[in-house]
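Asks: My questions all concern the structure below.
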Amino acid sequence: MRTEMTPATTNPDVYDPHHPWISGPDEDPSKADWAKEFMDPSGTTKKPVFLRGQSLLGITRLAVIVASLYFSGETFVSDSPLWGIGIFFLGMTLLLILSMVSHVRRLRDAGKTPLLALIIAIPFILSATLGVLTVMSIPGKVEAYEAKIAGSAISVPETDATEAAADEDSAEEAARRPPPETHRETPITVKNQLAGVVGGSLGIWMLLSFFATLFTLFYVARRPSIEHTSSRLVS
């Protein structure tokens, strides 16, 4: 008598044989309602859907960063630093709101307090605060630089006529020597100061976002759902 072995992947109890970690339609990213996932904080989100959503937000966030650097002049030549600042802060604010809604849903699904979602807002709040303070300080920096230039121009002494008539041999020898290298100070203008706002804010955001990402991946995304926890306690 010949017995045929049935592959495990044909088990009718398995929701998706190609993705065995997905146990039902509520965990299937292809069936997720993304409008609710990012705009309805009253619902819940399973782990696979949450991770897919965070991946989509990460790709969009990268596009916002590239666009803001381009228009601010940090990476490419641009005459519109205000466009770069606007793209960075408005784009990152919108993405932060969408991400916080997703975190709230995932934390609620895991039976955790939704207030923990505020942790991911800390990097952007600090970087935005730094950007605002930098913008507010620009007029003072420009005025101080212009006053310094004006003071240097006034303090230059007039050349004495007797000193101008130097020894011919010494003058010829000095003329043969290459002129010493001089360091030209970069002028401080509103434009180049605005261009640096995105770079400075982005640096702070990237540094702090590393820790926020660890919180997302190793805490929020790994928490089991309430029903899974309850079933283990009952068993």
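Asks: Between L90, L95, L115, which is closer than 23 Å to L133 by Cβ and exposed (fewer than 15 other Cβ atoms within 10 Å of the Cβ)?
Replies: L90
Asks: Same structure, new question: Do you know which of the residues in segment 36-80 that are assigned to a loop (DSSP other than H, G, I, E, B) and among the acidic types (D, E) is modelled with the lowest pLDDT?
Replies: Here the residue is E74.
Asks: Report yes if T129 is surrounded by 12 or more Cβ atoms within 10 Å (Cβ to Cβ), free of Cβ contacts under 8 Å to residues at least 12 places away in the same chain, assigned to a helix (DSSP H, G or I) and of a type outside the set (A, V, I, L, M), otherwise no.
Replies: The answer is yes for T129.
Asks: Among the residues that make up segment 178-188, is at least one of them at pLDDT 55 or above, loosely packed, with under 12 Cβ neighbours inside 10 Å and assigned to a helix (DSSP H, G or I)?
Replies: The answer is no; no qualifying residue exists.
Asks: Pairs, please: C-beta under 6 Å, at least 6 apart or cross-chain, first residue of a type in the set (S, T, Y) and in segment 33-47, second open to solvent by 50 Å² or more (accessible area, probe 1.4 Å)?
Replies: What qualifies is T44/R108.
Asks: I've got another one for you. Only residues that are under 28 Å from the mean Cα position of the chain (by Cα), among the hydroxyl-bearing types (S, T, Y) and open to solvent by 20 Å² or more (accessible area, probe 1.4 Å): list them for segment 18-64, please.
Replies: S30, S42, T44, S55, T60
Asks: What are the pairs with Cβ atoms under 9 angstrom where one residue, in segment 96-118, is closer than 20 Å to M206 by Cβ and part of a helix (DSSP H, G or I) and the other, located anywhere, is open to solvent by less than 50 Å² (accessible area, probe 1.4 Å) and aromatic (F, W, Y)? Sequence gap at least six, or different chains.
Replies: L96/F124; I97/F38; L98/F38; S99/F38; H103/F50
Asks: Assuming R106 fulfils every condition listed in (1) surrounded by 13 or more Cβ atoms within 10 Å (Cβ to Cβ); (2) modelled with pLDDT under 90 apart from one, which condition is it?
Replies: It is condition (2) that R106 fails.
Asks: Moving on. List the pairs whose first member sits in segment 52-64 and is farther than 14 Å from S30 by Cβ, whose second member is among the polar types (S, T, N, Q) and not in a helix (DSSP H, G or I), and whose Cβ atoms are under 8 Å apart, counting only residues at least 6 apart or on separate chains?
Replies: Filtered contacts from segment 52-64: no entries.
The values are calculated or read from the model by the stated rules, or taken from the named source; none is laboratory data. As the structure is a computational prediction, the values presented were derived from the model and not from experiment. When we count neighbours, we look across all protein chains shown, and the Cβ atoms used for this are built from the backbone with ideal geometry, even at glycine. Side chains included, ligands, DNA and RNA excluded: accessible areas come from the protein's heavy atoms. Shrake-Rupley method; radii C 1.70, N 1.55, O 1.52, S 1.80 Å.
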